[in-house]
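Here the structure is laid out as structure tokens; the discussion comes afterwards.
The values are calculated or read from the model by the stated rules, or taken from the named source; none is laboratory data. Nothing here was measured: the structure is a model prediction, and the numbers come from that model. Here the Cβ positions follow ideal geometry from the backbone for every residue, glycine too, while neighbour counts run over all protein chains shown.
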Amino acid sequence: MQLAQDYENLYSQNATFKESIQRLEAELLKYHKIEDTMNNSLIFAQQTAEDMKTNARREAELILEDAKKRIAELLMVYQEVIKRLSLFNTELKSQMGGQMEMLEKNQHRVEELSQFFYSRDLKEMLEKLEEANIKDVQE
């Protein structure tokens, strides 16, 4: 009888242990699934982060290339403006040079006329005319 009762206790314990093992294996399986899900999520997050970095780098490169093109275009425009200003200045100097030459010729003529009208000969001639007028009037 003792043997049967011990056997029954052992059998009962064995059944309880089997149930505990099954329950624990089910929980373990559930935790493995959670772990797999978390690992997959982590891998997906890492891939997404890498994709985002790659896309950000590409976008930055495109923005940089666009900026370089715009800068090059602006520099070309500035060079064209400088070239046109230089041409304008050259033309203006040429025109101003002609005007200055005319001014100098006019100034030279004015000086010649001034020398003529302020010369001693003209003063003497005016004095003689004055004297002649006075004599003509007195006679």
Can you find a residue in segment 74-83 that is modelled with pLDDT of 95 or more, among the polar types (S, T, N, Q) and surrounded by 10 or more Cβ atoms within 10 Å (Cβ to Cβ)?
yes
For Ala67, indicate whether it is under 18 Å from the mean Cα position of the chain (by Cα), of a type in the set (Gly, Ala, Ser) and surrounded by 10 or more Cβ atoms within 10 Å (Cβ to Cβ).
yes
Starting from segment 116-130, take each residue that is in a helix (DSSP H, G or I) and surrounded by 10 or more Cβ atoms within 10 Å (Cβ to Cβ) and list its partners that are of a type outside the set (A, V, I, L, M) and at pLDDT 70 or above, counting only C-beta distances under 7 angstrom and pairs at least six apart or across chains.
Leu122/Phe116
